[in-house]
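A short worksheet on the structure shown next.
The values are calculated or read from the model by the stated rules, or taken from the named source; none is laboratory data. Being a predicted model, the structure only gives us computed values, none of them experimental. Here Cβ is always computed from backbone atoms with ideal geometry, including for glycine, and neighbour counts include all displayed protein chains.
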Amino acid sequence: MTKMQFTPVDLRNAPDRELEAIAVQANRMRAERLPDDPPIPLQEQLQGWRNMPTFVDVYAWSVCPTGSDDVMAMGYLNIAQTDHNRHIAEFQLSIVPTYRRQGIARELLARLLPVARKNERRLLTTWSSGRVPAGAAFLEHLGAERGIESHMNQLVIADLDRDLLTRWQEGAAERAPDYHLEWCEGAVPDAEFEPIRRMWNEVANSMPRGDLERENEEISADQMRQREQRMFASGWQRWMLFARNKAWAYAGYTEMCFHPNRPYLLEQGGTGVIAAHQSRGIGRWLKAAMLERVMQEMPVARFIRANNADTNAPMLAINRALGFAPFSSHTAWQIETERVSAYLEGAAYLEGAVS
C-alpha cells in the first residue's frame, strides 16, 4: 500500500502551480466518465475555482503519494450558507483507479465529517456516474441511500427533424396566442432580473427530487448573480429564451450554454414552464425556437446534452420526441452523518483488530 499525504487546499486562493496538479487529476477523472470528450483547459478550471460563489464554503483535500506532487485523489465538501436546506452538506470523493481500495476514501471522509458536524449538517449528499461503478459500490458499502436516478441525454443535431420544430412553433401560436418569446444573451438584464428570478425559483422547485431529503429553496438575487459571474468568468456563453403573456408575466424559459473550448458540444441548461401556464405547448415552443436558432447560427455544433431526472416525464417526452437519447446515467445519494461516523468507527475497529 502506497503511503499517502493528505493536504487541505484553498481552491479560491491556492497558487496556480498547486491547482494545476489538481486540474490534471480532475481531467483524469473526467476521461473515465467521458472518454470521448476533450480535457478541460487549465485556465477554464482556474477561473471556475477563483470565482466560486462566496455563499458556499468550500473545503478540499488533495492526496499525493508521499514525496510526490502528483494528485491521485481529491475530497470536496461544499456547505451552502443559505436560508434553506441547512441540514445538508455536499461532498465528492474522486480517486484515480490505480489508487482505489487503499483506504483513501475512508481517510477523506474522516477529514470532511468533522467539518460537516461543526456546521451542524446532519445529511451528506453526493452523486455517482454509471460509467464509474466503483463509486456506487463504495456508497452502497458506506450505507448511503439512492435519492434519485437521472441521465445525461444527448441529441445529434444533424438528426433533428426540422419539420417537427416548425410544427411545434406553429402549434404554440394556435394554443398560446396570448404569449410571445423574448431572447437574452449573456447576463440577465437588471430591469428584468427580479421577475426572472422569481420564475426561475418556481420552476426549479417544481423539479423532481425523488427521495432526496431536500426542501424548496429561494435563490436570492445576489446568489444568482454570483452564479452568472462564475459561468462567464470561466468562459461559458449563454442564450436564454423566455415566454411571456400579454400581461408581461413570465411563463417559462429555456437556456443553451456553450464554450469556445468545445464549440461542437452544447449543454442544455434549465427548461421549465410555471404550472399556471402549462398545457399550451409553451415548453415545446421554447425548445423548438432555441434549436432552430442553434441550427441556423452555430453550424459547428454537433451535439447537445441535457441532464434529466428519470421521473421527469413531461421533459423526457419532449426530449425523446426531439431525438435525445441516453448517454450516461447518474445517481444522487444521501447519507446521515451519524451513519458515516459509524462506518468510520467500524473501519477503525477492524483495522485495529487486523494490525
Inset, instruction - Could you run through the stretch 251-295 and say how many residues are out of contact with any strand residue (DSSP E or B) (no Cβ under 8 Å at 6 or more places or on another chain), more than 16 Å from ASN205 (Cβ to Cβ) and not in a helix (DSSP H, G or I)? - result: 5
Legend entry - Residue that is farthest from HIS84 (Cα to Cα), among those in the stretch 116-129 that are in a loop (DSSP other than H, G, I, E, B) and in contact with a helix residue (DSSP H, G or I) (Cβ under 8 Å, 6 or more places away or on another chain): ARG122
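Could you say which residue among MET29, MET52, MET1 is aliphatic (A, V, I, L, M) and at pLDDT below 95? Explain how you work it out, then say what you get.
Values: MET29 fails: at pLDDT below 95; MET52 fails: at pLDDT below 95.
Of MET29, MET52, MET1, the one residue that is aliphatic (A, V, I, L, M) and at pLDDT below 95 is MET1.
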Inset, instruction - May I ask you to verify whether GLU338 is within 17 Å of GLN169 (Cβ to Cβ) and acidic (Asp, Glu)? - result: no
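Just to verify a result, which residue in the stretch 1-45, among those that are of a type in the set (S, T, N, Q) and not in a helix (DSSP H, G or I), is farthest from ILE95 (Cα to Cα)? Working first, answer last.
Looking only at the stretch 1-45, we keep the residues that are of a type in the set (S, T, N, Q), and these are 2, 5, 7, 13, 25, 27, 43, 45.
So of that shortlist, the ones also not in a helix (DSSP H, G or I) come out as 2, 5, 7, 13.
Values: THR2: 14, GLN5: 14, THR7: 15, ASN13: 23 Å.
Only one residue tops the list, namely ASN13.
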Inset, instruction - Within the stretch 93-106, identify whether any single residue is more than 23 Å from MET231 (Cα to Cα), surrounded by fewer than 17 Cβ atoms within 10 Å (Cβ to Cβ), among the β-branched types (Val, Ile, Thr) and out of contact with any strand residue (DSSP E or B) (no Cβ under 9 Å at 6 or more places or on another chain), and answer yes or no. - result: yes
Inset, instruction - Can you confirm whether the stretch 176-184 contains a residue that is in a loop (DSSP other than H, G, I, E, B), farther than 25 Å from ASP83 by Cα and among the acidic types (Asp, Glu)? - result: yes
Inset, instruction - Given the conditions (1) within 24 Å of the chain's Cα centre (by Cα); (2) more than 27 Å from SER234 (Cβ to Cβ); (3) outside the structural domain of LEU291 (by TED's automatic domain parsing); (4) of a type in the set (Gly, Ala, Ser), report the number of the one that GLY210 does not fulfil. - result: (3)
Legend entry - Residue that is farthest from ARG284 (Cα to Cα), among those in the stretch 207-256 that are surrounded by fewer than 16 Cβ atoms within 10 Å (Cβ to Cβ) and aromatic (Phe, Trp, Tyr): PHE232
Inset, instruction - Kindly indicate whether PRO39 is touching a helix residue (DSSP H, G or I) at 6+ places or on another chain (Cβ under 6 Å) and either closer than 16 Å to VAL24 by Cβ or at pLDDT below 95 (or both). - result: yes
Legend entry - Pairs, first under 20 Å from MET290 (Cβ atoms) in the stretch 170-197, second surrounded by 13 or more Cβ atoms within 10 Å (Cβ to Cβ) and acidic (Asp, Glu), C-beta under 6 Å, six or more apart: ALA187/GLU228
Inset, instruction - Considering every residue within the stretch 296-311, establish whether at least one is touching a strand residue (DSSP E or B) at 6+ places or on another chain (Cβ under 6 Å), under 19 Å from MET207 (Cα atoms), touching a residue at least 24 places away in the same chain (Cβ under 8 Å) and part of a loop (DSSP other than H, G, I, E, B). - result: yes
Inset, instruction - Would you check if GLU44 is outside the structural domain of ASN261 (by TED's automatic domain parsing), touching a strand residue (DSSP E or B) at 6+ places or on another chain (Cβ under 8 Å) and modelled with pLDDT of 95 or more? - result: no
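Would you check if there is a residue in the stretch 293-305 being of a type in the set (Phe, Trp, Tyr), within 25 Å of PHE327 (Cα to Cα) and surrounded by fewer than 18 Cβ atoms within 10 Å (Cβ to Cβ)? Step through it out loud before you land on a result.
So in the stretch 293-305, the residues of a type in the set (Phe, Trp, Tyr) come out as 303.
Going one step further and asking which of them are within 25 Å of PHE327 (Cα to Cα), we end up with 303.
Still in the list and also surrounded by fewer than 18 Cβ atoms within 10 Å (Cβ to Cβ): 303.
Yes, because at least one residue in the stretch 293-305 is of a type in the set (Phe, Trp, Tyr), within 25 Å of PHE327 (Cα to Cα) and surrounded by fewer than 18 Cβ atoms within 10 Å (Cβ to Cβ).
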Legend entry - Test result for TRP333, more than 21 Å from GLU182 (Cβ to Cβ) and surrounded by 18 or more Cβ atoms within 10 Å (Cβ to Cβ): yes
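Would you check which residues across the stretch 130-155 are part of a loop (DSSP other than H, G, I, E, B), surrounded by fewer than 20 Cβ atoms within 10 Å (Cβ to Cβ) and hydrophobic (A, V, I, L, M, F, W, C) and list them? Talk me through it step by step, then tell me what you get.
Initial filter on the stretch 130-155 (part of a loop (DSSP other than H, G, I, E, B)): 130-132, 143-144.
When the remaining residues are screened for being surrounded by fewer than 20 Cβ atoms within 10 Å (Cβ to Cβ), the result is 130-132, 143.
Across the stretch 130-155, the qualifying residue is only VAL132.
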Legend entry - Residues (touching a residue at least 60 places away in the same chain (Cβ under 8 Å) and among the β-branched types (Val, Ile, Thr)) located in the stretch 30-83: ILE40, THR54, THR66, THR82
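Among MET256, MET240, MET290, MET298, which is aliphatic (A, V, I, L, M), modelled with pLDDT of 95 or more and touching a Cys at 6+ places or on another chain (Cβ under 6 Å)? Can you show your working first?
Values: MET256 fails: touching a Cys at 6+ places or on another chain (Cβ under 6 Å); MET290 fails: touching a Cys at 6+ places or on another chain (Cβ under 6 Å); MET298 fails: touching a Cys at 6+ places or on another chain (Cβ under 6 Å).
Exactly one residue qualifies, and that residue is MET240.
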Inset, instruction - Go through the residues of the stretch 78-91 one by one and say whether even a single one is surrounded by 17 or more Cβ atoms within 10 Å (Cβ to Cβ), over 30 Å from GLU218 (Cβ atoms) and under 20 Å from the mean Cα position of the chain (by Cα). - result: no
